[in-house]
Amino acid sequence: MSIFDFLKPKKNTAQTAKNRLQIIIAQERSSQGAPDYLPLLRREILEVIRKYVPVDADAVKVDVVKDGEHDVLDISVSLPERAAPAGA
Amino acid sequence: MAEIIVVTSGKGGVGKTTSSASIATGLARRGKKVAVIDFDVGLRNLDLIMGCERRVVYDFVNVIHGEASLKQALIKDKRYDSLYVLAASQTRDKDALTKEGVEKVLKDLADDGFDYIVCDSPAGIEKGAFLAMYFADKAVVVVNPEVSSVRDSDRILGLLASKTRRAEQSDGDVTAYLLLTRYSPQRVENGEMLSIADVEEVLGLKTLGVIPESGDVLNASNKGEPVIMDAESHAGQAYDDAVARLMGEERPMRFTQLEKKGFFSKLFGG
């Protein structure tokens with residue numbers, strides 16, 4: 001405790017906690033109720049794509065989204081710029 | 001028609017058993033016939049908090065396995081005639097509870113004229129916690145204003161909305177309420193603790209009650225008297241408010257604001 005403590009900016013860790021929670025909970029809610037096979041499906045798709053194109057681990061996104069009555073499997077793959085064939 | 005209330009949280013050590021004991025006692029004090037059941041098989045503790053640990057002869061699992069009747073296993077509270085405790089078994093067998101067995105005990109209690117059945121859930125999201133919430137009409141989700149507790153509560157809210165009898169049979173939702181425990185208005189004021197509004201916003205739920213951080217809770221558990229019986233205690237009074245709200249009464253929140261000290265009390269202390 002120093003007499004100059006009042007000059008330091010007050011750190012608000014509660015706000016940090018709230019921000020972190022909002023992000024992680026939104027993420028977890030979106031994957032809630034999703035089929036359990038999604039992570040494995042994602043990994044296998046990634047392996048297949050990597051046979052042909054070198055992509056990053058986070059290049060494949062697999063989600064189940066609701067479209068009216070139907071569930072739609074939404075797979076998106078972002079390819080690197082100027083994709084070169086693997087092993088070329 | 002008995003109302004089944006699960007007291008749950010996901011995370012351990014946030015005050016589920018303390019809250020179960022106080023809620024059950026508060027309901028009984030209002031003239032209701034109440035049974036409070038410990039679902040934490042293997043780690044029995046509700047009996048200690050209720051102060052009846054030396055009177056446990058038969059437990060929940062004995063009843064489910066037909067080794068004792070419900071009447072034999074229900075422990076009548078010494079303070080309130082309409083309050084009964086059903087202790088958890090100390091067995092290490094994880095499969096001791098079955099869905100059919102739990103359903104039968106709950107039905108027998110309802111047929112016996114109980115108004116409320118309070119289910120004290122174990123921590124975690126395994127079988128005991130699942131069975132404690134499965135038959136619930138209402139859920140009291142106990143949360144500490146702290147990141148891991150809030151996150152786990154969100155998980156539990158997700159399970160309440162999908163893995164309960166009401167959800168499976170599309171028989172209306174399990175009504176979920178937040179019970180914020182160990183709340184410190186001073187730390188919220190300092191920006192060190194999530195506020196009531198923060199937790200409500202993150203979880204998207206209204207608060208049933210806010211129990212202030214209090215040494216009285218430990219004193220109450222030392223004595224085996226639910227803290228709601230301590231009329232002097234802020235925590236006890238806050239539990240009484242929460243029980244009143246659970247029964248539909250409107251009460252303003254207390255002990256959630258920092259008490260502003262006047263000039264003289266600042267000067268002279270107190």
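Values as computed for the structure displayed
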quantity: Simple label model, 7 Å out from Cα along Cβ direction - A:Val72 to B:Thr98, nm; calculated: 4.6
quantity: Per-q log10 I(q)/I(0), the protein assembly as shown, q = 0.07, 0.09 Å⁻¹ (Debye; single scatterer per alpha-carbon; no solvent); calculated: -0.40, -0.61
quantity: Nonlocal amide H pairs with B:Val36, under 5 Å, H built at 1.01 Å; calculated: B:Tyr84, B:Val85, B:Leu86, B:Val118
quantity: Calculated [θ] (222 nm, deg cm²/dmol) that DSSP helices of n ≥ 4 give over the protein assembly as shown, each run adding -39,500 (n - 2.57); calculated: -11500 deg cm²/dmol
quantity: Alpha-carbon spread of segment B:70-130, three principal axes, descending order, Å; calculated: 33, 23, 20
quantity: Among the listed pairs B:Lys11/B:Lys127; B:Lys76/B:Lys223; B:Lys32/B:Lys163, those beyond 23 Å (Cα-Cα); calculated: B:Lys32/B:Lys163
quantity: Whole-percent carbon and sulfur share, accessible surface of segment B:96-153, 1.4 Å; calculated: 51
quantity: Neighbouring partner chain Cβ atoms per residue of B:182-193, average, 10 Å criterion; calculated: 2
quantity: Stokes-Einstein D in µm²/s, Kirkwood radius over Cα pairs - segment B:1-114 at 20 °C with 1.002 mPa s viscosity; calculated: 150
quantity: Those residues of segment A:29-52 for which accessible area with every protein chain present is at least 50 Å² below the isolated value (1.4 Å probe); calculated: A:Arg29, A:Gln32
quantity: Calculated from backbone phi, Karplus (6.51, -1.76, 1.60) coupling profile of segment B:16-22 in Hz, x at Gly/Pro; calculated: 5, 5, 4, 6, 4, 4, 6
quantity: Heavy-atom accessible area ranking, 1.4 Å probe, most first, across B:Thr25, B:Thr175; calculated: B:Thr175, B:Thr25
quantity: Whole-number percent relative contact order across chain B, with pairs defined as alpha carbons under 8 Å at least 6 apart; calculated: 24
quantity: Whole-Å semi-axes of the ellipsoid equivalent to segment B:126-174 (Cα gyration tensor, √5λ, descending); calculated: 21, 11, 9
quantity: Segment B:110-127 - phi-based ³J(HN,Hα) in whole Hz, Karplus 6.51/-1.76/1.60, Gly and Pro as x; calculated: 4, 5, 7, x, 6, 7, 9, 10, 9, 9, 8, 7, x, 5, x, 10, 8, 3
quantity: Relative contact order of segment B:1-74, pairs being alpha-carbon contacts under 8 Å that are 6 or more residues apart, as %; calculated: 20
quantity: Residue-normalised accessible area of the protein assembly as shown, given per residue in Å² at a 1.4 Å probe; calculated: 56
quantity: Modelled FRET efficiency - R0 22 Å, A:Ile23 with B:Gln169, Cβ distances, 0.05 increments; calculated: 0.05
quantity: Viscosity 1.002 mPa s, temperature 20 °C, Stokes-Einstein D of chain B from Kirkwood C-alpha radius, µm²/s; calculated: 114
quantity: Chains A and B together, accessible area buried on both sides, 1.4 angstrom probe, square angstrom; calculated: 1300
quantity: Test item: A:12-23 mean partner chain Cβ contacts at 10 Å; calculated: 5
quantity: Linear extension gain, B:Asn219 paired with B:Thr91, 0.36 nm per residue minus alpha-carbon span; calculated: 43.2 nm
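The values are calculated or read from the model by the stated rules, or taken from the named source; none is laboratory data. Small disclaimer: the values here were computed from a predicted structure and weren't measured. Virtual Cβ from ideal backbone geometry, glycine too; neighbours counted across all protein chains shown. Ligands, DNA and RNA are stripped out before the accessible areas are found, and what is left, the full protein with its side chains, is counted by its heavy atoms. Shrake-Rupley method; radii C 1.70, N 1.55, O 1.52, S 1.80 Å.
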